[in-house]
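What follows is a short report on a single structure.
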Amino acid sequence: MEVSCSPAKQRPFIEALITCMGSSMPPRLRHAALRAICSSREVLASIDVVDDADMVLTNLSRAILTAVCPQPDVTPTNDSPDCFFYDERDLCYLKLIFSLARNSYWRPHLHCQMDRAIRMIEECCNSGSSHTFYLIGFFLRMRSEEVSATSLSSINWFQLRDMCLKAWYWAFSITDDARCVEFLPVLVEETKEYEVRSGRDREQLVENVERLMRNLERHSNQGDVEKLRSMIKGMF
């Protein structure tokens, strides 16, 4: 359920979430707070002004990281609630940082997420859900940030190509989210860089794109669908 609040209540709401996601809090509470903030992600992504905004947003970004990784120097076991990768928890995490990175005001506060996001690449590409769509989306939105661009240089060509192709596989599942649909032209332009012109990868990409377009035709403005279809022609 989406949570919203008036501008006057935004700061108390954010501070409550920061407290709940603190490293000393039990995993169940931290993860519940993460789900709550994920459901409010578009509201938070639209925030430009709160009292002491830089401090509040920096603290919130650090708390988001703490919610999924309370002790960075400790490697938890696979059966721990704080294991490195957990499908449901990390899908919330990735949806959240993808949405926040839409706002240029937020991006400087998201640098602390980069190392974890980069380490998640393999797990996301092997997951059975749309993690990769949100992960590549986060990376592409953060490219404009100087510090993030330095971190992104550690991701190789093959990893980026693999993430793009996996993102198209899951793109059909995001057609009911207008903010994700808005991102598709960016994904198109990135995919063109990898010249998927032949072989099984091209066949799979064509199949995935057509599945996406069928869903969009049912849910989206037809003018926007045709504009996207025109852009997509240059991918193959």
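In this structure, is residue 176 touching a His at 6+ places or on another chain (Cβ under 9 Å) and open to solvent by 50 Å² or more (accessible area, probe 1.4 Å)? For residue 176, the condition - touching a His at 6+ places or on another chain (Cβ under 9 Å) and open to solvent by 50 Å² or more (accessible area, probe 1.4 Å) - is met.
Filtering the stretch 188-208 down to residues that are assigned to a helix (DSSP H, G or I) and β-branched (Val, Ile, Thr), which residue is most open to solvent (accessible area, probe 1.4 Å)? Walk me through it before giving the result.
First, the residues of the stretch 188-208 that are assigned to a helix (DSSP H, G or I): 188-192, 199-208.
Of the ones still in play, those that are also β-branched (Val, Ile, Thr) are 188, 191, 206.
Values: 188: 0, 191: 2, 206: 46 Å².
Ranking the qualifying residues of the stretch 188-208, first place goes to 206.
Looking at residue 57, is it crowded, with 17+ Cβ neighbours inside 10 Å and at pLDDT 90 or above? Let's see the steps before the verdict.
Working: crowded, with 17+ Cβ neighbours inside 10 Å: yes; at pLDDT 90 or above: no.
For residue 57, the condition - crowded, with 17+ Cβ neighbours inside 10 Å and at pLDDT 90 or above - is not met.
Restricting to the stretch 130-146, name every residue that is out of contact with any Pro (no Cβ under 8 Å at 6 or more places or on another chain) and more than 15 Å from residue 165 (Cα to Cα). Steps first, please.
Initially, the stretch 130-146 is screened for residues out of contact with any Pro (no Cβ under 8 Å at 6 or more places or on another chain), giving 130-144, 146.
Those that are out of contact with any Pro (no Cβ under 8 Å at 6 or more places or on another chain) and more than 15 Å from residue 165 (Cα to Cα): 138, 141, 142, 143, 144, 146.
Here residue 75 meets each of (1) open to solvent by less than 10 Å² (accessible area, probe 1.4 Å); (2) over 30 Å from residue 176 (Cα atoms); (3) β-branched (Val, Ile, Thr) with one exception, condition (1). Beta carbons closer than 6 Å, at least 6 apart along the sequence or on distinct chains, pair a first residue in the stretch 1-26 that is over 21 Å from residue 71 (Cα atoms) and of a type in the set (S, T, N, Q) with a second that is modelled with pLDDT under 95 and surrounded by 12 or more Cβ atoms within 10 Å (Cβ to Cβ) for 4/43; 10/50.
Does the stretch 36-43 include one or more residues that are open to solvent by 20 Å² or more (accessible area, probe 1.4 Å), out of contact with any His (no Cβ under 8 Å at 6 or more places or on another chain) and more than 16 Å from residue 13 (Cβ to Cβ)? The answer is no, given that none of the residues of the stretch 36-43 is open to solvent by 20 Å² or more (accessible area, probe 1.4 Å), out of contact with any His (no Cβ under 8 Å at 6 or more places or on another chain) and more than 16 Å from residue 13 (Cβ to Cβ). Within the stretch 101-150, how many residues are at pLDDT below 95, among the hydroxyl-bearing types (Ser, Thr, Tyr) and buried (at least 17 other Cβ atoms within 10 Å of the Cβ)? Final tally of qualifying residues: 2.
One residue is enough: does the stretch 160-175 have a residue meeting the conditions at pLDDT 90 or above, within 23 Å of residue 102 (Cα to Cα), out of contact with any Leu (no Cβ under 8 Å at 6 or more places or on another chain) and part of a loop (DSSP other than H, G, I, E, B)? Among the residues of the stretch 160-175, not one is at pLDDT 90 or above, within 23 Å of residue 102 (Cα to Cα), out of contact with any Leu (no Cβ under 8 Å at 6 or more places or on another chain) and part of a loop (DSSP other than H, G, I, E, B), which makes the answer no.
The values are calculated or read from the model by the stated rules, or taken from the named source; none is laboratory data. Only a predicted model underlies this, so the values are computations on that prediction, with no experimental measurement involved. Ideal geometry is used to build each Cβ from the backbone, glycine not excepted, and the neighbour counts take in all protein chains shown. Only protein heavy atoms, including side chains, enter the accessible area calculation; ligands, DNA and RNA are left aside. Shrake-Rupley method; radii C 1.70, N 1.55, O 1.52, S 1.80 Å.
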